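Only the coordinates and a few stated rules stand behind these numbers; no lab work does. Quick caveat, the model's predicted, so the values are computed rather than measured.
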Amino acid sequence: MSNDGPASADPIRVAVAGAAGRMGTAVCVAVEGADDMELVGRADPTLDTSVADVLAGADVLVDFTQPESALPNAREAVAAGVHVVIGTTGFDLAQLDGLGGANVLVAPNFAIGAVLMMRFAAEAAALMPSAEIVELHHDKKLDSPSGTAARTAELMKQSSGSEVPIHSVRLPGLVAHQEVILGGTGETLTIRHDALDRSSFMPGVLLAIRRVASLPSSPVIGLENLL
């Protein structure tokens with residue numbers, strides 16, 4: 001009689017687009033450290049590798065590239081039957097509608113605390129008459145306002161019916177920070193999230209990689225849909 005236990009599940013094979021960037025590098029490290037994943041490809045112009053080079057053998061493509069690259073990358077991956085997790089922001093998400101063959105998940109922010117901040121801000125917006133958003137990021141961030149701020153404002157408008165102004169700050173020394181300031185009669189409420197290191201995004205990225213294949217519909221916008 002064999003004493004062998006049940007066979008373990010095959011690891012999720014992950015390719016990363018933008019692998020040489022700050023976020024892409026952190027994603028590669030996180031995937032390599034996950035017991036249930038295998039890093040099978042790194043796409044980046046500085047590495048002389050394209051998305052087409054890394055899709056073969058991949059189950060999931062994680063994209064942290066540029067706004068002008070994310071949509072073509074997603075289309076190419078989905079056409080190849082590879083699921084896509086997108087952290088790139090600054091492009092028209094409506095253009096993802098109708099992509100068939102695999103699932104797509106886009107998250108403006110993968111930090112669990114940032115997702116909670118957005119949720120709490122939406123709840124507070126329904127009860128307080130005025131609000132504004134201040135988002136602060138490193139000086140290399142291309143899009144303004146950030147995808148997180150835009151998503152927060154969208155969720156707050158859904159609950160309050162009012163537009164929420166956004167103020168953007170770009171300075172060296174910052175990583176990713178956002179505060180929502182709500183005002184009422186004789187009081188203010190501030191809800192703030194600070195990402196002090198890019199490692200704060202990795203639990204959310206790994207969660208998205210694990211769940212993207214089983215999404216009931218596609219595309220899905222926001223990590224909150226997986227929590």
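With axes computed from alpha carbons, what is the tilt in degrees of helix 67-79 against the longest principal axis of the chain, rounded to the nearest 10 within 0 to 90? Long axis of 67-79 versus the principal axis of the chain: about 40 degrees.
Whole-percent P(r), the range 60-128, all Cα pairs, 5 Å bins from 0: 3, 16, 24, 19, 13, 11, 8, 4, 1, 0.
The ratio of the alpha-carbon radius of gyration of the chain to the globular-protein estimate 2.2 N^0.38 Å is 1.09.
Summarising the amide proton neighbourhood of His167: residues at separation of 5 or more, or on other chains, whose placed amide H is nearer than 5 Å comprise Ile133, Val134, Glu135. Kindly provide log₁₀ I(q)/I(0) values, in the same order as q = 0.12, 0.17, 0.28 Å⁻¹, from the Debye equation applied to equal alpha-carbon scatterers of the range 178-227. Listed by q, the Debye log ratios stand at -0.46, -0.71, -1.06.
Phi-derived couplings, Karplus 6.51 cos²θ - 1.76 cosθ + 1.60 at θ = phi - 60°, listed residue by residue for the range 90-105: x, 10, 6, 5, 4, 6, 7, 4, x, 5, x, x, 6, 9, 10, 10 Hz, with x used for Gly and Pro.
Using only Cα atoms, find the angle between the long axis of helix 22-32 and the longest principal axis of the chain, and express it within 0 to 90 degrees, rounded to the nearest 10. Its long axis makes an angle of about 50 degrees.
Contact order for the chain, expressed relative to its length and based on alpha carbon pairs under 8 Å spaced 6+ residues apart, stands at 19 percent.
For the range 186-196, the Karplus equation 6.51 cos²θ - 1.76 cosθ + 1.60, evaluated at θ = phi - 60°, returns couplings of x, 7, 9, 10, 10, 10, 10, 10, 10, 8, 8 Hz by residue, with Gly and Pro reported as x. Rounded if a/c is under 1.5, else prolate if a/b beats b/c, else oblate: with a ≥ b ≥ c from the C-alpha gyration tensor eigenvalues square-rooted, which is the range 132-227? It is oblate, given that a/c is not under 1.5 and a/b is not larger than b/c.
Taking a ≥ b ≥ c as the square roots of the eigenvalues of the Cα gyration tensor, an a/c ratio of 1.5 or more together with a/b no larger than b/c marks the range 8-53 as oblate. Kirkwood radius and radius of gyration were both taken over the C-alpha atoms of the range 15-85, and their ratio Rg/Rh is 0.93. Against the longest alpha carbon principal axis of the chain, how many degrees, from 0 to 90 and to the nearest 10, is the axis of helix 112-125 turned? Tilt of helix 112-125: around 30 degrees.
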